[in-house]
Amino acid sequence: MREPVTVVGIGADGWDGLSPAARNAVSAAEVLMGSTRQLELVPGSNAKRVPWPSPLSESLPGLLDEHRSRRVCVLASGDPTFHGIGTTLTRLLGADGVRVIPHPSSVSLACARLGWPQDQVQVVSLVGHPVELVHPHVQPGRRLLVLSWGAHTPAQVAALLQARGYGTSSMTVLEQLGGPSERVRTTTAADWSGDVDALNVIGVLCAADAGAALLPTVPGLPDDAYENDGQLTKREVRAVTLSRLAPVPGHLLWDVGGGAGSIAIEWSRHHPTCRAIAIERDPDRAKRLDRNAAALGVTVRTVLGEAPAALDGLETPDAVFVGGGATAPGLIEACWHALAPGGRLVVNGVTLETEALIAHWYGELGGDLVRLDVQRAAPVGTMTGWRPAMLVTIWSVTK
């Protein structure tokens, strides 16, 4: 049997900051794995030193198999199970195959320096991810800790905050936390400049400038938050539709006939683990959908093609929204059969043909049928009157 792999968290203070148990694990190792920087933090030994190859995810199983008969110790930054290699190893080897000796995480060290309660801080990791992932968390008064992907990240975050109208936000860059070269600098996002060590964490206390748009994570963002060509589920209808789809952390949505992507995007903004696949047949709309998703800080997988054929081979959804093309032969049947047990199907219609189809399936499967009549105030000469939008019929059913 393979001896459990020991994962030791190590900080910028290196060997001096390790506990006796961590030092013993490193000293007893026959094979020591980690980044080049981490390996240089511990003194020499008889252990074989294996720097991480790139890409690591593809090479890791082979490395572990190659050294399965030897005592392996893996070095990790800070707490190995917090956005770290410890989680990856546990997924590969199981909980019994990994022994973790944690070190204080960069988040705990940053909160200690800033005087922030950890339970009131939103952590956003940009390691391997675009800076736009910060967007959903930029809210007035919110405390953010951003895990950087390198020396370039603080400038990217500062630029994003300024573009969002949060240039007055307090921004603290903490470099080499816990090490002899530790440096902490605070300024506003608008005033940020300077060289930064690659090992840094960013603390942001969000403050909205006058007139900054409020973009909460609840359903129903303003329509002008989306670039669109008119194919957009409008704000009020979107809020009701998402209430029927019932986003749950970790669940997957199919947005069939994605258009501007508003349903998939607001589903994904509900929680960082909510995932969405948008199926769109028009290439220009698909590109626009991708731009909207990036601008609002989520990742939506866009499938270019026409449903139901484009649905073949996709991961089983927990919820399906049909906002366009519902009358395509076999589409409703394909969506219903694809749903996981307990999944939600929601179909919106504004044409007589789609309403007739919805009425048929409502008779077959039951569920909930509502019609929304939205009217907006608009000028009528020198006065104000109500201008009605098209009626929208919403059918929702749980499998």
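The values are calculated or read from the model by the stated rules, or taken from the named source; none is laboratory data. Keep in mind the model is a prediction, meaning the values are calculated, not measured. Every residue, glycine among them, receives a Cβ derived from its backbone with ideal geometry; neighbour counts consider all protein chains shown. The area values use the complete protein model at the heavy-atom level, side chains included, leaving out ligands, DNA and RNA. Shrake-Rupley method; radii C 1.70, N 1.55, O 1.52, S 1.80 Å.
Per-structure values
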read-out	value
Selection count, the range 273-291, where residues are outside any helix (DSSP H, G or I), touching a helix residue (DSSP H, G or I) at 6+ places or on another chain (Cβ under 8 Å) and closer than 20 Å to residue 132 by Cα	5
Top-ranked residue in the range 96-134 [being in a helix (DSSP H, G or I), free of Cβ contacts under 8 Å to residues at least 40 places away in the same chain and in contact with a Ser or Thr (Cβ under 9 Å, 6 or more places away or on another chain); ranked as nearest to residue 297 (Cα to Cα)]	131
Helices (runs of 4 or more DSSP H) wholly inside the range 1-95 that include at least 3 residues being free of Cβ contacts under 8 Å to residues at least 12 places away in the same chain	20-28, 56-66, 85-93
Residue match in the range 37-47 (condition: of a type in the set (Gly, Ala, Ser) and open to solvent by 50 Å² or more (accessible area, probe 1.4 Å))	yes
Considering residues of the range 234-246 that are open to solvent by 30 Å² or more (accessible area, probe 1.4 Å) and touching a helix residue (DSSP H, G or I) at 6+ places or on another chain (Cβ under 8 Å) only, the residue nearest to residue 389 (Cα to Cα)	234
Meets criteria (modelled with pLDDT under 95 and of a type in the set (A, V, I, L, M, F, W, C)) for residue 221	no
Qualifying position, being without any contact (Cβ under 8 Å) to a residue 60 or more places away in the chain, of a type outside the set (S, T, N, Q) and more than 30 Å from residue 137 (Cα to Cα), among 343, 330, 325	330
Test: residue in the range 245-252 that is out of contact with any strand residue (DSSP E or B) (no Cβ under 9 Å at 6 or more places or on another chain) and assigned to a helix (DSSP H, G or I)	no
